[in-house]
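Computed from the coordinates by the stated procedures, all read-outs in this text should not be read as laboratory data. Keep in mind it's a predicted model, so treat the numbers as computed, not measured. Cβ sites come from the backbone with ideal geometry, for glycine too, and all protein chains shown count toward neighbours.
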Amino acid sequence: MTQISPIIFWFRQDLRLQDHPFFCQSHDRPIVALFILETDNQTRGHGSASRWWLHHSLQTLDQTLGGRLILRAGPALDVLQQVIEETGAQEVHWSRLYDPRSIERDKKIMATLKKQGQTVCSHNSTLLFEPWTIKTLKGEHFKVFTPFWKNCLKQPITPPNNAIGKNSFYALSSEILTHWKLTPNKPNWAKDWGDRWQPGEAGAKKRCENFIQNHLKGYAENRDFPALNAATSQLSAALHWGEASVQTIWFDIVEALEKGICSHLDAERFQAELGWREFSHHLLYHVPHLVDQPMDTRFHAMQWEKNPSDFKQWSRGMTGYPIVDAGMRQLWQTGWMHNRVRMIVASFLVKDLLLPWQEGEQWFWDTLVDADAANNAASWQWVAGCGADASPWFRIFNPVLQGEKFDPEGDYVRAFVPELTKLPQKWIHKPWLAPPEVLQHSGIVLGRDYPAPMISHDFARKRALSALSDATHATET
Ligand code: FAD
């Protein structure tokens with residue numbers, strides 16, 4: 001008996017079945033549910049924290065598919081062709097990605113497979129507004145967030161389709177997930193992450209429901225205070241991997257507003273954050289060099305420092321500035337960092353230490369569970385002052401004032417910098433200014449138990465302003 005030829009669905013950053021344009025339809029042929037671990041350097045490899053997340057997300061997706069998720073490693077085109085040969089499939093589907101390397105790869109694969117007689121379809125499972133659909137009056141892409149978002153809000157948003165098609169899944173030999181060694185082993189720095197994160201569609205749904213029920217009210221005000229650790233949704237990894245549909249989240253917020261669960265301000269503020277995600281993807285699509293080159297060309301002339309030892313102190317959370325160190329340690333311990341603190345640590349790296357933003361972007365890429373090509377690069381460029389609609393270069397965060405404003409009790413610092421637990425609130429963000437008897441009483445010898453500041457912020461600020469002035473001058477002459 002001949003088997004009916006299946007349809008291949010190639011999963012990438014859309015690891016869910018609900019509100020998924022392909023899976024909400026019923027297909028009359030079995031589906032080969034395929035995930036490819038790419039090994040040919042055509043795309044940027046996943047960072048270590050993302051690999052941990054991916055492992056667990058694939059595990060749950062496989063359970064949802066009744067053990068029928070097919071895992072294959074290799075160059076994507078070779079794997080697809082191999083699977084086509086093994087199954088006789090004549091149709092291949094995937095969800096679109098917007099970073100330059102993925103676009104280039106997908107174009108090549110689509111052209112090759114079409115030439116070989118395959119039907120190839122791509123879908124939008126990721127964004128509210130695909131980058132080419134939002135244009136200025138002149139037909140160009142947007143470079144500033146506010147007009148971009150105003151324009152977006154005039155467009156219709158497709159409501160979620162929560163039907164799940166009646167589909168069967170094709171059995172085919174699969175590689176073994178644990179053989180891919182996506183999770184760390186020696187040392188297992190992620191050993192506690194399972195208590196904190198639940199990768200996969202069900203976990204994303206639970207997190208979203210919990211956020212809306214318990215924390216959306218007050219979001220606009222609370223979102224800037226990192227010690228309130230559930231004040232933001234922490235849905236970023238689920239959104240990156242497509243375990244949650246952004247349309248579903250959007251309409252859940254609309255419903256919460258209608259039910260009076262939150263204020264207009266809370267809903268609008270949260271939706272605007274989803275808007276920043278859309279804007280970052282819009283930028284990356286239209287300005288592909290965003291990933292590693294400054295958008296503001298003046299920054300090509302910037303004289304960055306080369307200082308691996310300073311970078312190491314920053315990445316280890318040993319700068320001597322408590323809010324910076326708390327952020328970097330939160331990142332290391334949990335794979336996530338609060339948005340306000342991301343801005344503070346990024347500003348410290350780029351402006352106080354004068355190290356290139358690309359080094360920070362790479363560290364985040366490796367250590368964040370939500371590492372995302374668009375959001376990461378656009379945000380780093382925003383903080384550095386060289387991106388679209390960026391925070392101006394001369395706006396240099398003072399890590400002490402930022403700490404005092406957004407972590408007034410010092411609870412966030414105490415949670416991640418245990419050396420400072422006993423330090424009174426007054427000195428928690430500036431231990432080097434504490435009187436010797438206070439330090440002694442708190443059990444701290446600076447330089448032994450906790451570092452003295454690695455650089456004077458006042459000196460660093462002046463140095464940064466002068467470096468920008470030189471870079472701008474170099475471009476003008
Ligand atoms: P919430 O406040 O609950 O926001 C909801 C969702 O909106 C987020 O899950 C995220 O998808 C999106 N969002 C929120 N803020 C932003 C933003 N500024 N830009 C783009 N999207 C946003 N976000 C990533 O998803 N991946 C990254 O690699 C990343 N790198 C960053 C690097 C730096 C230097 C900075 C300053 C920010 C970065 N962000 C990144 C943006 C932001 O910090 C995170 O999206 C947010 O902290 C995630 O937490 P949350 O899900 O609780 O956010």
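Couplings for the stretch 172-183, taken from phi via the Karplus curve 6.51 cos²θ - 1.76 cosθ + 1.60 with θ = phi - 60°, read 8, 5, 10, 6, 9, 3, 5, 5, 6, 6, 7, 9 Hz in order; Gly and Pro are left as x. Please tell me which of these pairs span more than 24 angstrom C-alpha to C-alpha: LYS306/LYS405; LYS217/LYS426; LYS430/LYS462; LYS166/LYS259; LYS217/LYS405; LYS259/LYS405? Result: LYS306/LYS405; LYS217/LYS426; LYS166/LYS259; LYS259/LYS405 exceed 24 Å. Sequence-ordered 3J(HN,Hα) estimates for the stretch 128-139 from the Karplus curve with 6.51, -1.76 and 1.60 and θ = phi - 60° stand at 6, 9, 5, x, 7, 8, 10, 9, 6, 4, 7, x Hz, glycine and proline given as x. Amide H to amide H, with H built 1.01 Å from N, HIS123 comes under 5 Å of TRP94, SER95, ARG96, counting only residues 5 or more places away or on other chains.
How high is the relative contact order of the chain, in percent, counting Cα pairs under 8 Å that sit 6 or more residues apart? Please list the in-between numbers first.
Numbers: 741 pairs, mean separation 82.5, N = 477.
This gives 17 percent for the chain.
When each of the peptides 166-173, 316-323, 404-411, 445-452 is scored by the mean number of other C-beta atoms lying within 10 Å of its residues, the order from highest to lowest reads 316-323, 404-411, 166-173, 445-452.
For the stretch 1-159, the residue among CYS152, GLN13, TYR98 whose Cα projects farthest onto the positive side of the dipole built from Cβ charges is CYS152.
Size of the dipole of the stretch 1-88 about the Cα centre, Lys and Arg at +1 and Asp and Glu at -1 on the beta carbon, nothing else charged, in debye to 20? It would help to have the intermediate numbers written out before the result.
Values: 7 positive and 9 negative charges, 47 e Å.
Its charge dipole is roughly 220 debye.
Between the residues GLN116, HIS141, PHE169, the greatest Cα displacement towards the positive end of the dipole of the stretch 104-177, with unit charges on the Cβ of Lys, Arg, Asp and Glu, is found for HIS141.
Based on the mean of other Cβ atoms within 10 Å per residue, sort peptides 221-232, 298-309 so the most packed one is first. Spell out each step's value before the answer.
Working: 221-232: 17.8, 298-309: 14.0.
Peptide ranking by packing, descending: 221-232, 298-309.
Seen against the Cα atoms of the chain and their longest principal axis, helix 457-476 is set at about 60 degrees. Assuming a ≥ b ≥ c are the square roots of the Cα gyration tensor eigenvalues, decide whether the stretch 86-204 counts as rounded (a/c under 1.5), prolate (otherwise, with a/b larger than b/c) or oblate. Verdict is oblate for the stretch 86-204.
Against the chain, whose longest principal axis is taken from its Cα atoms, helix 201-214 shows a tilt of about 50°.
A Cβ-based charge dipole, computed about the Cα centre of the chain with Lys and Arg at +1 and Asp and Glu at -1, lands at about 180 debye. Overall, the stretch 219-376 carries a charge dipole of about 440 debye about its Cα centre when +1 sits on the Cβ of Lys and Arg and -1 on the Cβ of Asp and Glu, all other atoms neutral.
Between GLU91 and ILE8, THR119, the built amide H atoms are under 5 Å apart, and every one of these is 5 or more places off in sequence or on another chain. For LYS138, the lysines whose Cα comes closer than 30 Å to its Cα, not counting residues fewer than 8 places off in the same chain, are LYS107, LYS150, LYS154.
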